[in-house]
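This report concerns only the one structure given below.
Values in this text are rule-based calculations from the coordinates and carry no lab data. Bear in mind that the values here come from a model prediction, so they are computed numbers and not experimental data. Positions of Cβ are generated from backbone atoms using ideal geometry, with glycine treated the same way; all protein chains shown enter the neighbour counts.
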Amino acid sequence: MSTTELIEVKPESEFEEGDRELVDVNGIEVGVLRVNGEFHAVQNRCLHDCGPVAEGQVSRKLVGEFVEPGKRVEKDYDDNEPIISCPWHGWSYDLETGEQLADDDIVLPTFDVVVEDGVVYVDGQQ
Ligand code: FES
């Protein structure tokens, strides 16, 4: 049975779009970000070489669609799937799932974020 352990981040009203905060979650540094109005929380320790991934650039995932043989793959950026790129060597992860874009067997730990009574919390249970 899992229990919820909420770690306070800060008031939602002070958490602007694009902001990020680092919090300690049971000894793990976690980056909490607000992107497109949504909150995300990821471990701030890259799975490549321990870089500060939560401090990296946030961008949109490039997705492609196969149309038919002989045609170019149609590509576009997906606003609903933000990614974060580690500032050290560029490994990129889906902010929601933590999956590394080049190998989805590599998954950066993510955490649930909840807002209660106007305060943003990270759920310490992964
Ligand atoms: S430490 Fe993150 S990409 Fe190398």
Global geometry of segment 1-52, whether rounded, prolate or oblate, following the gyration tensor of its Cα atoms and the 1.5 cut on a/c: oblate
Point-charge dipole on Cβ atoms (K/R +1, D/E -1) for the chain, about Cα centre, debye to 20: 480
Hz values of 3J(HN,Hα) by residue in segment 110-117 - Karplus curve (6.51, -1.76, 1.60), Gly and Pro given as x: 10, 9, 6, 10, 10, 10, 10, 6
Per-residue Cβ neighbour rank within 10 angstrom, fewest leading, 13, 59: 13, 59
Computed E for residue 115/residue 60 - FRET, C-beta separation, R0 30 angstrom, nearest 0.05: 0.80
Burial ordering of 75, 10, fewest other beta-carbon atoms within 10 Å first: 75, 10
Vicinal HN-Hα couplings computed from phi for segment 65-70 (Karplus, 6.51 cos²θ - 1.76 cosθ + 1.60; Hz; Gly/Pro x): 10, 6, 9, 6, x, x
Sequence-separation-based contact order of segment 6-123, relative, with Cα cut under 8 Å and 6+ spacing, percent: 26
R0 of 22 Å, Cβ-Cβ distance residue 72-residue 36: FRET efficiency to nearest 0.05: 0.20
Computed Rg/Rh of segment 6-123, alpha carbon atoms with Kirkwood Rh: 1.04
Ascending count of other beta-carbon atoms within 10 Å, so fewest first, for 68, 12, 99: 68, 12, 99
